[in-house]
Amino acid sequence: MINNLSREEVFRLLATSEKGLTEDEADKRLIEFGPNEIKEVRRAPLYKRFIAQFTHFLAILLWLAAGLCFLSEYIKPGEGLLSLGIAIVVVIFINAVFTFIQEYRTEKAVEALKKLLPFNVKVARAGEIREIRAENITPGDLIMLSEGDKVPADARVIESTGLTVNNAPLTGESESRPRSHETFNGEFLESPNIVFAGTHIISGSGRAVAFATGMATEFGKIAHLTGGVHERLSPLQKEIARVTKIVAVIALTTGLFFFTLGLFVGRSFWHNFIFAVGIIIANVPEGLLPTVTLSLAMGSQRMAKKKALIKNLTSVETLGSVTVICTDKTGTLTQNRMAVQKVWTLERQQSGGRGGVTPPLHLMTIAYLCNNATFDNDKYKGDPTEAAILKAARDAIGDIKAERIHQIPFDSERKKMSTVNDLEGRIFVFTKGALETVMPLCTQILSGDKVVAIHESSLPMTEDHKNSIMQAYHSMMDDGLRVIAFAYKPVGAIHELPLQLPDTDKIESNLIFAGLMGLEDPPRPEVPDAIMKCRDAGIKVIMITGDAGRTAVAIARQIGLVKNNPLVIEGHEINAMPDSVLREKLLSPEIIFARMTPVHKMRIVTVLEDEGERVAVTGDGVNDAPALKKANIGIAMGLSGTDVAKEAADMVLLDDNFASIVNAIEEGRSIFENIRKFITYIFAHLTPEAIPYILFSIFKIPLPLTVMQILAIDLGTETIPALALGIEPPETDIMKRPPRPRDSALIDRPLLFRSYIFLGLISTIGVLFVYFHVLFKGGWQWGMELSMEHPLTRQASTAVFLGIVILQIGNVFACRSSKDSIFKLGFFSNRLVIIGVAAEVMLSAFIIYHPFGNRIFGTAPLGLDVWLLLVPFSIALLLAEELRKWVSNKKV
């Protein structure tokens, strides 16, 4: 087994070397072994997914109705029930095709979004470190591993420094496990020298040789055995599905009630049966769920263009209700362009421009060697803070050759890192980190500039020295600088250090304080406006940073996050603070959390959510993952974030910019409002479809609307205008409204009243007016029974069909905003609405005036007078809605 082979034997077995594979060899192996990807378990074939559209709740109701029609035609032919049965089957098929196409388009849109977030890996190719796509990893590739990476393939570790992994994706165990390069003779899956695909690097660094990729990995084998998992509907989709079922049950109950009532008043069984089927179809919004799903997918794509990548559709609906944003400082509120601006030592303090400084040489030696950033191909690579420190050191003293013997990696709890280096034959411990963690380890302070005397020129640390350090520290922080402290100590011999022990106290003890560096990371220019937007939108922004309090406050003032004296809580304070006190502190209008760890962040998010807040939280590190998962919306950094953070998050910022979060929230609010707009639009026509049927049942009037005409409206004339409402741009005041309440439903009583009662009844009045106008003009009188095939019946039902279409033209403009006047928005500002109106007018004209349309939909040509009669009603509906908006805005 590969786990019990030596380093050299691993290289021989996999035909690779310390320099990795050559490009030609890697290409050959990629062809031989295939891409390094887990093949998705084969989803249900398209034909099965299409067939499923015929077996849901609504479809079953319609199949039963169609079956009764065919049975009735067999028992009593000539009543027109055959054509009705065929019409119902057409409804089922068209609805199935429409839903299938919408779901397929949505699926493709989500797949396209996923491609925007590539999984890249660092490998050695012919001795050169390169970054490649994970799917191009092949057996024999030499992989570079560092904190936060997701392991791309099963690989044998050949070099490790404090390397630990989390195997939870593979084993379910959340505890991190150490990894080493030593041979191991035990169980393969328990081998400490193997890293498995899909697991995460928690700390440290190392190198490993890939020996299994794709479906040959342990992860791939499990994926193959496990099979597919059905995706769950989002809360929004569940709510719409629930509403659709409720409406269908109400329609069914209403149909049975009036069917019975019709029998009671003396109508024939068949006339009542036609009514019952019509009332069901008239009341059920067949295309609602797929239209909503597509709208969410389109919204996700618009967000991606604004640098906010939504990983699942559920997050879109949640974004619009966010009340608190817990944000990092570095890289999110600032530009993540670190540069050393000030340097302090006991002897002197120097400052320089953005191009770097010329500091004491001994401090730069520590800065150079206690550093994991690299300079490669004329670029500084690594953590931005470390890269800036390395640049300052290289500018000052050039490159240094020294062997790193050991490393104690940085983590958010320790807030420091240390290395043990062999420098020109002498062993040193070099340490850098936050001042409050480094200075307590120091017993001496450096005095003098000469690097050759680095181990000799030191003085005992006095209170005066500490006061001088703190004064310089506070001065730098007040300038908004991130301050890093540096220390060191000489070691007589390597065996004096406990390098094999987990306890690092002996290594990081009795240090010599060397000095401070102040790094500037200027705020992003667009952040102040975004902060103002949040304030207007009722969204509280809380900075949670690992930097010191004074630095955080200085930056917060620059971006307008705080105006007065904010409450600043540091990590050591929150440790001693019970949740009840923290809950009270969070009520402060201006609050900043400094020197925070991911554990603190997780606790803050938990308390906020317990108080009923809907929290968006940013994160980029491995340890941020729990808080990202806990938050209502977890937001990972696309540029600086680790793979672990990106996997845990609901949204990934492709530009790491706070302003993109605010833009995404604005888009989320807009999408939610747009869905309400087209639901209002769709529900508004159900009333003028249903009420004429009710009158038909009670008063023995001619059939006012055929099933095919209802179909033409629901899945024909209304489709494009409804989708047009789904892409309305955000309303001007949408970010000046408070977040919607947690318990607010998508479909609430005000929406139902506005659609069914207010807009629906106005439409019904216009529709009934032209219906009776056509009947009376044709000589009809009360009590006169007309067959469904009678020319006057066809003309009257055509008038109802046209009435609904024309009234819905006024309605689509009325629904473009629930608050803003259409005269403020502009009639032509949404081009798709205009296209939709033109399309429904042309389709209506075809159905009314073309012989084929007459035959299929049971219509008859109408005179110009009917069109002219309907136009004032459409205008009246629009003006009535304008009046309602005016009254509503006055109340506010």
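The values are calculated or read from the model by the stated rules, or taken from the named source; none is laboratory data. This is a predicted model, so every value here is computed, not measured. With ideal geometry, Cβ positions are generated from the backbone for all residues, glycine too; neighbour counts draw on all protein chains shown. These area figures cover heavy atoms from the full protein model, side chains too; ligands, DNA and RNA do not enter into them. Shrake-Rupley method; radii C 1.70, N 1.55, O 1.52, S 1.80 Å.
A few comments on the model shown:
- Any hit, the stretch 621-630, residues being in a helix (DSSP H, G or I), open to solvent by 10 Å² or more (accessible area, probe 1.4 Å), more than 30 Å from ALA387 (Cα to Cα) and touching a helix residue (DSSP H, G or I) at 6+ places or on another chain (Cβ under 6 Å): yes
- Among the candidates ALA659, ALA690, residue that is open to solvent by less than 20 Å² (accessible area, probe 1.4 Å) and modelled with pLDDT of 85 or more: ALA659
- The stretch 243-262, subset buried (at least 19 other Cβ atoms within 10 Å of the Cβ) and over 43 Å from the mean Cα position of the chain (by Cα), residue nearest to TRP63 (Cα to Cα): PHE259
A quick yes/no check of all residues on (1) within 12 Å of LYS677 (Cβ to Cβ); (2) among the hydroxyl-bearing types (Ser, Thr, Tyr); (3) open to solvent by less than 40 Å² (accessible area, probe 1.4 Å):
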| residue | (1), (2), (3) |
| --- | --- |
| PRO750 | no, no, no |
| PHE753 | no, no, no |
| TYR756 | no, yes, no |
| LEU768 | no, no, yes |
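- Filtered by the rule that a residue be surrounded by fewer than 15 Cβ atoms within 10 Å (Cβ to Cβ) and under 16 Å from ALA134 (Cα atoms), the stretch 23-34 gives GLU23, ASP27, ILE31.
- Residues satisfying the stated conditions in the stretch 147-162, i.e. open to solvent by 10 Å² or more (accessible area, probe 1.4 Å) and part of a strand (DSSP E or B): LYS150, GLU159, SER160, THR161, GLY162
Okay, residues lined up against (1) modelled with pLDDT under 90; (2) in contact with a Lys or Arg (Cβ under 6 Å, 6 or more places away or on another chain); (3) open to solvent by less than 20 Å² (accessible area, probe 1.4 Å):
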| site | (1), (2), (3) |
| --- | --- |
| CYS534 | no, no, yes |
| ALA537 | no, no, yes |
| MET543 | no, yes, yes |
| GLY549 | yes, no, yes |
| ALA556 | no, no, yes |
| GLU573 | no, no, no |
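- Residues that are touching a Ser or Thr at 6+ places or on another chain (Cβ under 6 Å) and either part of a loop (DSSP other than H, G, I, E, B) or farther than 22 Å from MET651 by Cβ (or both), drawn from the stretch 595-609: THR597
- Test for LYS76: is it farther than 25 Å from LEU296 by Cα, modelled with pLDDT under 75 and open to solvent by 50 Å² or more (accessible area, probe 1.4 Å): yes
- The lone exception for ARG742 - which of (1) surrounded by 13 or more Cβ atoms within 10 Å (Cβ to Cβ); (2) assigned to a loop (DSSP other than H, G, I, E, B) it fails: (1)
- Single match in GLY634, GLY612 (criterion: open to solvent by 10 Å² or more (accessible area, probe 1.4 Å), under 30 Å from ASP579 (Cα atoms), modelled with pLDDT of 85 or more and not in a helix (DSSP H, G or I)): GLY612
- Matching residues, the stretch 629-686, being under 25 Å from ASP610 (Cα atoms) and of a type in the set (S, T, N, Q): ASN632
- Search result, residues across the stretch 1-22 that are open to solvent by 50 Å² or more (accessible area, probe 1.4 Å) and of a type in the set (Gly, Ala, Ser): ALA15
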